[in-house]
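In what follows, a single structure is set out as structure tokens and then discussed.
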Amino acid sequence: MYNWIIIGGGIHGCTIAATLLKSGKVKKEELLMIDPHSVPLARWKERTGRIQMPFLRSPSVHHIDVPPFSLEKYAKEKSYTNPFYGYYDRPALNLFNEHADSVLREVGLQEVWCSSKVVNVAKEGPYWEIETEDGRIYFAKNCVIAIGNNELAYPDWGDKLKNAWHLFDPRLDMEKITPPIAIVGGGITAAHAAITMANRFPGKVSLITRHPFRVHDFDSDPGWIGPKYLNGYEKVACYRRRRRMIKEARHRGSIPSELHQKLNCLEKQGSLSIIQSNVTSVCWKSNALFITEGSMMPATTLFATGFQAKMPQQKWLQNLIENEVLPCAACGYPIVEKTLEWSSRLFVSGPLAELEIGPGSRNIIGARKAAERIAKSI
Ligand SMILES: Cc1cc2nc3c(=O)[nH]c(=O)nc-3n(C[C@H](O)[C@H](O)[C@H](O)COP(=O)(O)OP(=O)(O)OC[C@H]3O[C@@H](n4cnc5c(N)ncnc54)[C@H](O)[C@@H]3O)c2cc1C
């Protein structure tokens, strides 16, 4: 029997675990974290490493530790060269990851790690019964679902292509990619990938974006982190309206200005070609890919087209909703308490907490907010 089981060991699960353990309210032996990877933050490291993102988009006070200036303090102690970028002190990815690893070492997360996948969650009396794919069953007084989003989005025509991969498909081996390369997408992932690939294969990379670059420092206005917009948001009782507000607040497919400049610079040098085209269909002829506007590219295609907007579809989650009659809004996402409880002692974070936390819920700041609310509920 555990006091707490956290499902998912990504940024969200780890931030919540670190906060609970550091609060002194939860002891290590009372906590279990279940995740199919062998180490914490595996998916975050794989995705950010794959596009070779040098700096995060978020500021230095967004990290997995409790004190807001912990990352800055760590950078000073380790005498990091170039730890932060720009006006908002955006941390270098290496620094962010090393700091996160040091926090997780400090709280001993690896000792409470269970490497498996959850396949069922059910209420058993006052406890949550959690089953993993290897057939083991664990009981907990409190359960946190922090499974992130792994449902990749593809364009409708994506399945017509032969040598095409979503950039976040774990089966994709970046070392084996051969040029010419077409990257489809206009957001930050596409931009990082295009810069990395154009430096690796100059003149052999195309970036196909369906819209002109949308330049914004952050993926939503920083007013959504604090009272400026959240006070009004919290007063909205209608979840359809909350969903609309989230949609409008998000600068989807946007990039910060330094990436915009880098892309333009690579284009001017002739290392990268930028094609603005709303591709609606493609066809292959003589080993060449034709997009509607008539351009021709024999190419490895990499989709940087993000994630599906719909509620995560894992079967056990759907069963849990049905069996426990958990409240969901018209968009399919959970309606939760201020404590982020979906049902008594069943907490959510990340996309699942979005209707409560607002547009920043999926981000690192969302993890910090979720951790704070969950820890306060004890
Ligand atoms: C390339 C990239 C860059 C980003 N940069 C920033 C940034 O600069 N700043 C920012 O604030 N945000 C950023 N984000 C957004 C967000 O912060 C990250 O996506 C973050 O990793 C989300 O964390 P998470 O824990 O919700 O999800 P994940 O990292 O996906 O972790 C969820 C974990 O749950 C596990 N899991 C899923 N299902 C089960 C199950 N059934 N049983 C057990 N475990 C399960 C998964 O295997 C995974 O390990 C970025 C996102 C990406 C993709």
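Coordinate-derived values only; no laboratory data. Worth saying up front: this structure is predicted, and the values here are computed from it rather than measured. Don't worry about glycine lacking a Cβ; one is built from the backbone with ideal geometry, like all the others, and counts go over all protein chains shown.
Taking the chain as a Gaussian network, where each spring joins two C-alpha atoms under 10 Å apart, which residue of 316, 342, 113 fluctuates the most? Among 316, 342, 113, the largest mean-square fluctuation in the Gaussian network model of the chain belongs to 316. Charge dipole of the chain (Cα centre as origin; +1 on each Lys and Arg Cβ, -1 on each Asp and Glu Cβ, all else neutral): 780 debye, rounded to the nearest 20.
Close amide H partners of residue 328, meaning residues 5 or more places away or on another chain with modelled amide H under 5 Å apart, are 335. With a sphere of radius 10 Å drawn around the Cβ of residue 39, what net charge do the other residues whose Cβ falls strictly inside it have (Lys, Arg +1; Asp, Glu -1)? Summing Lys and Arg as +1 and Asp and Glu as -1 gives -1. Where a ≥ b ≥ c are the square roots of the eigenvalues of the C-alpha gyration tensor, would you call region 79-167 rounded, which needs a/c under 1.5, or, failing that, prolate if a/b is larger than b/c, or oblate? Because a/c hits 1.5 or more and a/b fails to exceed b/c, region 79-167 counts as oblate.
How far, in degrees from 0 to 90, does helix 257-269 lean away from the longest principal axis of the Cα atoms of the chain, to the nearest 10? Orientation of helix 257-269: about 20 degrees from the principal axis. The long axis of helix 239-249 is offset from the longest Cα principal axis of the chain by roughly 40 degrees. Computed from phi, the 3J(HN,Hα) profile of region 28-45 under the Karplus parametrisation 6.51, -1.76, 1.60 (θ = phi - 60°) reads 3, 6, 8, 10, 10, 10, 10, 7, x, 6, 8, 9, x, 6, 4, 5, 4, 5 Hz, with x in place of Gly and Pro. For region 136-184, trypsin sites (Lys or Arg not before Pro) are listed when DSSP marks them as loop and at most 14 other Cβ atoms sit within 10 Å of their Cβ; the list is 136, 162, 171. Compute the Cα gyration tensor for region 1-145, then decide on rounded, prolate or oblate, letting a ≥ b ≥ c be the square roots of its eigenvalues: rounded whenever a/c is under 1.5, prolate when a/b is larger than b/c in the other cases, and oblate in all that remain. Here region 1-145 falls in the prolate category.
Amide hydrogen proximity for residue 183: with H placed 1.01 Å from N in the peptide plane, the residues at 5 or more positions away or on another chain lying under 5 Å are 206, 207, 208, 302.
Suppose R0 equals 41 Å; then what is the FRET efficiency for residue 280 and residue 337 from their Cβ-Cβ distance, rounded to the nearest 0.05?
According to the calculation, E is roughly 0.40.
For the residues 230, 104, 340, a GNM of the chain with alpha-carbon springs under 10 Å puts the largest fluctuation on 230.
Show log10 I(q)/I(0) for the chain at q = 0.06, 0.11, 0.12 Å⁻¹, two decimals, from a solvent-free Debye sum over equal Cα scatterers. Evaluating at q = 0.06, 0.11, 0.12 Å⁻¹ gives log10 I(q)/I(0) of -0.24, -0.83, -0.98. Look at the dipole of the chain built from charges on Cβ: of 279, 12, 53, the Cα furthest out on the positive end belongs to 279. Distant-in-sequence amide contacts of residue 220, defined by a placed amide H-H separation under 5 Å and a gap of 5 or more residues or a different chain, comprise 251. Taking the charge dipole of the chain about its Cα centre, with +1 at Lys and Arg Cβ atoms and -1 at Asp and Glu Cβ atoms, the residue from 119, 196, 220 reaching farthest to the positive side is 220. When the chain is treated as a GNM with alpha-carbon contacts under 10 Å, the residue of 187, 360, 158 showing the greatest mean-square fluctuation is 158.
Determine the relative contact order of the chain: mean sequence separation of Cα pairs under 8 Å and six or more apart, normalised by residue count, in whole percent.
Details: 708 pairs, mean separation 81.5, N = 378.
Relative CO of the chain lands at 22 percent.
Applying the Karplus relation 6.51 cos²θ - 1.76 cosθ + 1.60 with θ = phi - 60° to region 128-142 yields 3J(HN,Hα) values of 9, 9, 10, 10, 9, 5, 8, x, 7, 10, 10, 10, 8, 6, 10 Hz, where x marks Gly and Pro. By definition, a body whose alpha carbon gyration tensor gives a ≥ b ≥ c is oblate when a/c is 1.5 or more and a/b is not larger than b/c, and region 25-70 fits this oblate description.
For residue 27, the lysines whose Cα falls under 28 Å of its own Cα, not counting residues fewer than eight places away in the same chain, are 45, 73, 117, 123, 141, 338, 369, 376.
With the simple spin-label model, which puts each label point 7 Å out from Cα in the Cβ direction, the residue 157 to residue 98 separation comes to 4.5 nm.
Listed values for region 224-232 are Karplus-derived 3J(HN,Hα) couplings in whole Hz (6.51 cos²θ - 1.76 cosθ + 1.60, θ = phi - 60°), namely 7, 8, x, x, 3, 10, 5, 4, x, and x replaces Gly and Pro.
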